[in-house]
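I have a structure I would like to understand better, so I am pasting it below and will then ask my questions one at a time.
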Amino acid sequence: MHIDATEKKWFYISLTVTIAIIVILTFSAISSNIHPPSSVEKIDSNRLHLDGEFKEDNLGVKKNADGSYSVTMVAARYGFYPQRIEVPVNTPIKIRMASFDVLHGIHAPFTNFNTMVVPGYVSEVNTTFTKAGEYPLFCNEFCGLGHDHMWSKLIVSEEAEK
Ligand code: CUA
(Lines give C-alpha, C1' and ligand atoms only; values in the text may rest on other atoms or scores of the structure.)
Protein backbone atom coordinates (compact mmCIF):
# COMPACT_ATOMS: atom_id res chain seq x y z
CA MET A 1 0.00 0.00 0.00
CA HIS A 2 1.32 3.39 -0.94
CA ILE A 3 1.17 6.16 1.64
CA ASP A 4 1.98 9.66 0.52
CA ALA A 5 5.05 11.11 2.28
CA THR A 6 3.19 14.24 3.40
CA GLU A 7 0.37 12.15 4.79
CA LYS A 8 2.86 10.02 6.67
CA LYS A 9 4.48 13.13 8.13
CA TRP A 10 1.13 14.44 9.40
CA PHE A 11 0.26 11.03 10.78
CA TYR A 12 3.36 11.08 12.98
CA ILE A 13 2.81 14.73 13.97
CA SER A 14 -0.74 14.08 15.15
CA LEU A 15 0.32 10.87 16.89
CA THR A 16 3.07 12.77 18.73
CA VAL A 17 0.65 15.53 19.80
CA THR A 18 -1.87 12.95 21.06
CA ILE A 19 0.74 11.13 23.11
CA ALA A 20 2.10 14.44 24.46
CA ILE A 21 -1.39 15.50 25.62
CA ILE A 22 -1.95 12.17 27.39
CA VAL A 23 1.44 12.40 29.11
CA ILE A 24 0.84 16.03 30.23
CA LEU A 25 -2.69 15.23 31.51
CA THR A 26 -1.53 12.18 33.43
CA PHE A 27 1.46 13.98 34.88
CA SER A 28 -0.51 17.06 36.03
CA ALA A 29 -3.38 14.95 37.40
CA ILE A 30 -0.97 12.93 39.54
CA SER A 31 1.48 15.66 40.54
CA SER A 32 -1.16 18.34 41.36
CA ASN A 33 -3.81 15.89 42.57
CA ILE A 34 -6.33 17.29 40.06
CA HIS A 35 -9.54 15.29 39.90
CA PRO A 36 -13.29 15.84 39.51
CA PRO A 37 -14.98 17.07 42.71
CA SER A 38 -17.40 14.14 42.81
CA SER A 39 -16.79 10.67 44.26
CA VAL A 40 -13.79 11.57 46.42
CA GLU A 41 -14.55 8.92 49.02
CA LYS A 42 -17.16 6.26 49.75
CA ILE A 43 -20.00 6.65 52.20
CA ASP A 44 -23.06 4.58 53.11
CA SER A 45 -26.01 6.70 51.90
CA ASN A 46 -28.47 4.59 53.92
CA ARG A 47 -26.81 5.56 57.19
CA LEU A 48 -26.10 9.26 56.55
CA HIS A 49 -28.71 10.43 59.07
CA LEU A 50 -27.64 8.03 61.83
CA ASP A 51 -24.15 9.16 62.68
CA GLY A 52 -20.98 10.81 61.48
CA GLU A 53 -20.22 13.80 59.30
CA PHE A 54 -23.60 14.02 57.55
CA LYS A 55 -25.87 13.58 60.56
CA GLU A 56 -28.45 16.38 60.73
CA ASP A 57 -26.74 18.05 63.74
CA ASN A 58 -23.44 18.21 61.88
CA LEU A 59 -24.76 19.90 58.72
CA GLY A 60 -24.14 23.55 57.95
CA VAL A 61 -21.36 26.11 58.04
CA LYS A 62 -18.40 25.90 60.39
CA LYS A 63 -15.52 28.31 60.81
CA ASN A 64 -12.11 26.69 61.10
CA ALA A 65 -9.24 27.78 63.34
CA ASP A 66 -7.27 29.10 60.34
CA GLY A 67 -10.13 31.42 59.24
CA SER A 68 -11.34 29.18 56.42
CA TYR A 69 -14.85 27.69 56.40
CA SER A 70 -16.23 24.19 56.07
CA VAL A 71 -19.70 23.54 54.72
CA THR A 72 -21.42 20.18 55.11
CA MET A 73 -24.57 19.55 53.08
CA VAL A 74 -26.88 16.73 52.15
CA ALA A 75 -28.68 16.48 48.81
CA ALA A 76 -32.06 14.78 48.99
CA ARG A 77 -35.22 14.86 46.90
CA TYR A 78 -35.95 17.75 46.58
CA GLY A 79 -33.50 20.16 48.15
CA PHE A 80 -30.02 20.76 49.47
CA TYR A 81 -29.88 20.85 53.26
CA PRO A 82 -29.49 23.11 55.11
CA GLN A 83 -31.53 25.13 52.61
CA ARG A 84 -29.75 28.40 53.36
CA ILE A 85 -25.96 28.59 53.48
CA GLU A 86 -24.15 31.78 54.35
CA VAL A 87 -20.40 32.20 53.93
CA PRO A 88 -18.12 35.25 53.74
CA VAL A 89 -16.67 36.57 50.50
CA ASN A 90 -12.97 36.05 49.59
CA THR A 91 -12.51 33.26 52.11
CA PRO A 92 -11.37 29.69 51.35
CA ILE A 93 -14.33 27.33 51.67
CA LYS A 94 -14.41 23.56 51.61
CA ILE A 95 -17.83 22.14 50.76
CA ARG A 96 -18.50 18.46 51.40
CA MET A 97 -21.73 16.89 50.21
CA ALA A 98 -23.44 13.53 50.13
CA SER A 99 -26.69 12.32 48.61
CA PHE A 100 -29.41 10.81 50.76
CA ASP A 101 -31.12 9.05 47.85
CA VAL A 102 -30.39 9.36 44.12
CA LEU A 103 -27.94 11.16 41.82
CA HIS A 104 -28.10 14.95 42.12
CA GLY A 105 -25.93 17.78 40.86
CA ILE A 106 -25.40 21.12 42.55
CA HIS A 107 -24.57 24.34 40.75
CA ALA A 108 -24.31 27.97 41.84
CA PRO A 109 -24.48 30.16 38.70
CA PHE A 110 -21.54 32.52 38.05
CA THR A 111 -19.28 30.59 40.43
CA ASN A 112 -17.19 27.44 40.05
CA PHE A 113 -19.29 25.62 42.64
CA ASN A 114 -20.59 22.81 40.47
CA THR A 115 -20.44 19.10 41.15
CA MET A 116 -22.34 15.86 40.81
CA VAL A 117 -23.47 14.31 44.09
CA VAL A 118 -23.40 10.57 43.56
CA PRO A 119 -25.16 8.33 46.10
CA GLY A 120 -22.59 6.30 48.02
CA TYR A 121 -19.84 8.88 47.57
CA VAL A 122 -18.75 12.18 49.07
CA SER A 123 -18.30 15.19 46.78
CA GLU A 124 -15.82 17.86 47.77
CA VAL A 125 -15.42 21.36 46.36
CA ASN A 126 -12.69 23.74 47.46
CA THR A 127 -13.43 27.27 46.37
CA THR A 128 -13.40 30.96 47.26
CA PHE A 129 -16.41 33.11 46.35
CA THR A 130 -15.10 36.42 45.07
CA LYS A 131 -18.39 38.26 44.59
CA ALA A 132 -20.86 38.89 47.41
CA GLY A 133 -24.53 38.33 46.77
CA GLU A 134 -27.33 35.80 46.77
CA TYR A 135 -26.97 32.73 44.61
CA PRO A 136 -29.46 29.99 43.96
CA LEU A 137 -28.15 26.44 44.30
CA PHE A 138 -29.74 24.45 41.51
CA CYS A 139 -29.91 20.72 40.96
CA ASN A 140 -28.55 19.92 37.51
CA GLU A 141 -29.01 16.17 37.34
CA PHE A 142 -32.52 14.90 36.66
CA CYS A 143 -33.57 13.24 39.91
CA GLY A 144 -37.33 12.86 39.69
CA LEU A 145 -40.59 14.78 39.32
CA GLY A 146 -39.47 17.53 41.69
CA HIS A 147 -36.12 18.07 39.98
CA ASP A 148 -37.12 21.47 38.54
CA HIS A 149 -37.99 22.68 42.02
CA MET A 150 -34.88 21.35 43.74
CA TRP A 151 -32.92 24.34 44.87
CA SER A 152 -31.53 26.07 47.93
CA LYS A 153 -29.90 29.40 48.61
CA LEU A 154 -26.26 30.43 48.96
CA ILE A 155 -25.51 33.81 50.50
CA VAL A 156 -22.02 35.20 50.09
CA SER A 157 -21.80 37.97 52.67
CA GLU A 158 -19.79 41.14 52.21
CA GLU A 159 -17.71 41.26 55.37
CA ALA A 160 -15.13 38.53 55.87
CA GLU A 161 -15.82 37.60 59.50
CA LYS A 162 -12.27 36.78 60.44
CU1 CUA B 1 -31.87 16.74 42.45
CU2 CUA B 1 -32.39 17.09 40.17
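The values are calculated or read from the model by the stated rules, or taken from the named source; none is laboratory data. For clarity, every value in this text was computed on a predicted model and none was experimentally measured. Positions of Cβ are backbone-derived with ideal geometry, glycine not excepted, and every protein chain shown enters the neighbour counts. When the accessible area is computed, the model is the full protein with side chains, heavy atoms only, and any ligands, DNA or RNA have been set aside. Shrake-Rupley method; radii C 1.70, N 1.55, O 1.52, S 1.80 Å.
Specify which of the listed residues (ILE13, ILE34, ILE93, ILE19) is at pLDDT 90 or above, open to solvent by 80 Å² or more (accessible area, probe 1.4 Å) and away from the ligand (no atom under 16 Å from the Cβ).
Among ILE13, ILE34, ILE93, ILE19, only ILE19 is at pLDDT 90 or above, open to solvent by 80 Å² or more (accessible area, probe 1.4 Å) and away from the ligand (no atom under 16 Å from the Cβ).
Next question, about the same structure. I'd like the full set of residues that are in a loop (DSSP other than H, G, I, E, B), within 8 Å of the ligand (Cβ to nearest atom) and either in contact (Cβ under 8 Å) with a residue 12 or more places away in the chain or touching a Pro at 6+ places or on another chain (Cβ under 6 Å) (or both), limited to segment 125-145. So that I can check it myself, show each step before the final result.
Initial filter on segment 125-145 (in a loop (DSSP other than H, G, I, E, B)): 129-132, 140-145.
Checking which are within 8 Å of the ligand (Cβ to nearest atom) leaves us with 140-144.
ASN140, GLU141, CYS143, GLY144, listed by residue number.
A further question on this structure: Need pairs with beta-carbon distance below 7 Å; first residue surrounded by 13 or more Cβ atoms within 10 Å (Cβ to Cβ) and within segment 52-80, second among the acidic types (Asp, Glu) and part of a loop (DSSP other than H, G, I, E, B); sequence gap 6+ or separate chains.
Close Cβ pairs (under 7 Å, with a partner that is among the acidic types (Asp, Glu) and part of a loop (DSSP other than H, G, I, E, B)) amount to THR72/GLU53; ALA76/ASP101; ARG77/ASP101.
Same structure again: Which ones in segment 105-124 are open to solvent by 10 Å² or more (accessible area, probe 1.4 Å), in a strand (DSSP E or B) and within 16 Å of the ligand (Cβ to nearest atom)?
Listed by number, the residues that qualify are HIS107, ASN114, MET116, TYR121.
Tally the residues that are under 22 Å from PRO88 (Cβ atoms) and open to solvent by less than 10 Å² (accessible area, probe 1.4 Å), restricting the search to segment 130-151.
Matching residues across segment 130-151 total 1.
Residue under question is VAL71, and the condition is that it be at pLDDT 90 or above, touching a strand residue (DSSP E or B) at 6+ places or on another chain (Cβ under 7 Å) and of a type outside the set (Gly, Ala, Ser); does it hold?
Considered against the rule, which asks whether it is at pLDDT 90 or above, touching a strand residue (DSSP E or B) at 6+ places or on another chain (Cβ under 7 Å) and of a type outside the set (Gly, Ala, Ser), VAL71 comes out as yes.
So, in segment 58-81, how many residues would count as being part of a loop (DSSP other than H, G, I, E, B) and away from the ligand (no atom under 16 Å from the Cβ)?
Filtering segment 58-81 down to residues part of a loop (DSSP other than H, G, I, E, B) leaves 59, 64-68, 77-78.
After this cut, where a residue has to be away from the ligand (no atom under 16 Å from the Cβ) as well, the list is 59, 64-68.
Count: 6.
Next question. Hey, any hits in segment 152-159 for a residue that's in a loop (DSSP other than H, G, I, E, B), farther than 20 Å from LYS42 by Cα and of a type in the set (A, V, I, L, M, F, W, C)? Talk me through it step by step, then tell me what you get.
Quick first cut of segment 152-159, residues in a loop (DSSP other than H, G, I, E, B) only: 158-159.
Applying the additional criterion that residues be farther than 20 Å from LYS42 by Cα yields 158-159.
From the residues that got through so far, the ones that are of a type in the set (A, V, I, L, M, F, W, C) too are none.
Among the residues of segment 152-159, not one is in a loop (DSSP other than H, G, I, E, B), farther than 20 Å from LYS42 by Cα and of a type in the set (A, V, I, L, M, F, W, C), which makes the answer no.
With (1) touching a strand residue (DSSP E or B) at 6+ places or on another chain (Cβ under 7 Å); (2) surrounded by fewer than 18 Cβ atoms within 10 Å (Cβ to Cβ) as the list, and VAL102 as the residue in question, which single condition is left unmet?
(1)
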